[in-house]
Amino acid sequence: MSPTKNKFEQLCHIFKEVTHLRSVRRLLNWDQETYMPQKGQTNRAEQNATLSRLIHKQVASKKTGQLIEELFAVVEPKNPDNDMYVCLRQWRRDFNRQKKLPTKLVEELSRQAVLAHEAWVKARERSDFSVFLPLFKSLVHLSRQKAKCLGFSKSPYDALLDEYEQGATAYELDKLFSRLVPPLKTLTQKVFDKSRGLAKEFSGPFPISGQKTMAQIAIVKIGFDMTAGRIDTVVHPFSTKIGPGDCRITTRWNIQDFTEGFFGILHEAGHGIYSQNLPTKWYGTPLGESVSLGVHESQSRFWENIVGRSRAFWSHFLPIAKGIFPGSLCMLDLDKFVRVINKVEPSYIRVEADEVTYNLHIYLRFVIEKELIEGKLQPEDVPDRWNRLFKELLGLEVPKDSMGCLQDVHWSGGSFGYFPTYTLGNIYAAMIREALTKEIPEIETMISAGEFQPIFNWLRDKIHIHGQRFSPTDLIRHATGKKPSSEPLIHYLETKFSQLFG
């Protein structure tokens, strides 16, 4: 074996162990949100802190950095077709970020995130932000420290954002939202006025067992492998890849409205399909990992909304739903049902928001967490800031914290910088739709017939199999032929809702 190959194998071994440790940490986090007893949180916090310390020491070790630099000195010129170069590029990025962070800070962030999650659950149940505030303050403080250690050129928020969407900056997001928010607010009012009198002509009870059956039928049809995954019930839906052959998705169920759990599971299955189709042979390297949360969200939002809320989709699935829930849906008209599930109406809960108002919810969160990390907003002032901004964007008075600043799980995990990836995902998904329909013009007919394999194949070949070979923006350009832009999303929304509501 050549010296170069030997060093590369050493790095592969180091990062395979790191991947296994991260996998164990994800498994513990999944257990925490599904089955862990409440009194287990203190021990779980210490378990997570220990794993985070071990991961940090392994990635940021002198040996790891030395091997990376020695190989970079002899690797072929920068080329995304060069597997070794791609791995070294991403490993160097991981090493440089971890090297800047003190081990104690990494441990404490991990520890506080576990404790804060339990505090958030209690605060949400009681609709009382003060219950969450002490640990929220701690997470904001630690996250500000993290950003300072990582370094930044303009905003400390950039340092945290880069963890979820490589290369993204607050400045670019500000420009994106400035182009996106005004037309969305205009479209919201227009469609709301048109759909205001549209009543939901179906109601429960929809037995949870039936909802689970329908959800599983749907996600298997679109490509989720149930032999390599499972579905569980949680407070806030999420998806996690434990490792090859083990991808777990979750949702919450509403016995009076089956669509809430159904669209939640479609969303998480989109994440799951991406995770299940990353190259297994590259597991433990960047080529076997997803490239960013924005791209990940493009997969979930694509299946949930662009496919899942289309007339073609329900021309196939509504008869199935009627067979499972005959008493509640037997007289339901397809066109009316499609308009109901696409009704545009300002609402409080992000995960239940329609396609048009959804990105207004994301913009609100982006503004608040950027102000928090930049020190322009203090943690105790978040509820008031949230409520004022919510009124400005969506025209609603927030009645209680559980319908406002306590509704999302992300801040309890210290995930500052995550929220903008949802809007990036919507933008990427609209671009994917545009490119896909050009390549496969008959796709609507296929969906109506329950044929989802062509979509699955396209996404696998254009997105999933590349791992981190390209940057997020380069991957979208590679898949669609265009650089990321908000225009396809605006065009998609205006066209879709004009057709639905005239």
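For the range 146-170, which positions are within 25 Å of Leu360 (Cβ to Cβ), in contact with a Lys or Arg (Cβ under 6 Å, 6 or more places away or on another chain) and not aliphatic (A, V, I, L, M)?
Tyr157
Kindly indicate the residue of the range 198-256 that is charged (D, E, K, R) and without any contact (Cβ under 8 Å) to a residue 60 or more places away in the chain and also farthest from Leu334 (Cα to Cα) among those meeting that condition.
Asp246
Here are Trp314, Trp303: which of them is under 24 Å from the mean Cα position of the chain (by Cα) and at pLDDT 95 or above?
Of the residues listed, the single one that is under 24 Å from the mean Cα position of the chain (by Cα) and at pLDDT 95 or above is Trp303.
Output yes when any residue across the range 201-214 is among the charged types (D, E, K, R) and within 21 Å of Glu108 (Cβ to Cβ), and no when none is.
No, the range 201-214 contains no residue that is among the charged types (D, E, K, R) and within 21 Å of Glu108 (Cβ to Cβ).
Just to be sure before I move on: is Gly270 out of contact with any Pro (no Cβ under 8 Å at 6 or more places or on another chain), at positive phi and either outside any helix (DSSP H, G or I) or not assigned by TED's automatic domain parsing to the domain that holds Thr34 (or both) in the structure I sent?
Criteria not met by Gly270.
What number of residues within the range 475-502 satisfy the criterion of being more than 19 Å from the chain's Cα centre (by Cα), touching a residue at least 24 places away in the same chain (Cβ under 8 Å) and assigned to a helix (DSSP H, G or I)?
Selection size over the range 475-502: 12.
Would you mind stating whether Arg230 is of a type in the set (Lys, Arg) and more than 13 Å from the chain's Cα centre (by Cα)?
The answer is yes for Arg230.
Go through Thr64, Thr50 for me and flag whichever is touching a Leu at 6+ places or on another chain (Cβ under 9 Å), assigned to a helix (DSSP H, G or I) and at pLDDT 95 or above.
Just a single option satisfies the conditions, and that option is Thr64.
Would you confirm whether or not the range 72-81 contains a residue that is of a type in the set (A, V, I, L, M), assigned to a helix (DSSP H, G or I) and outside the structural domain of Ser290 (by TED's automatic domain parsing)?
No, the range 72-81 has no match at all.
If we scan the range 33-54, do we find a residue that is crowded, with 18+ Cβ neighbours inside 10 Å and either within 19 Å of Trp282 (Cβ to Cβ) or touching a Gly at 6+ places or on another chain (Cβ under 9 Å) (or both)?
No, that holds for no residue.
Among the numbered criteria (1) modelled with pLDDT under 95; (2) crowded, with 17+ Cβ neighbours inside 10 Å; (3) of a type in the set (A, V, I, L, M), which one does Met1 miss?
Condition not satisfied by Met1: (2).
In this structure, is Gln32 touching a helix residue (DSSP H, G or I) at 6+ places or on another chain (Cβ under 6 Å), modelled with pLDDT under 95 and in a helix (DSSP H, G or I)?
yes
The values are calculated or read from the model by the stated rules, or taken from the named source; none is laboratory data. Only a predicted model underlies this, so the values are computations on that prediction, with no experimental measurement involved. Don't worry about glycine lacking a Cβ; one is built from the backbone with ideal geometry, like all the others, and counts go over all protein chains shown.
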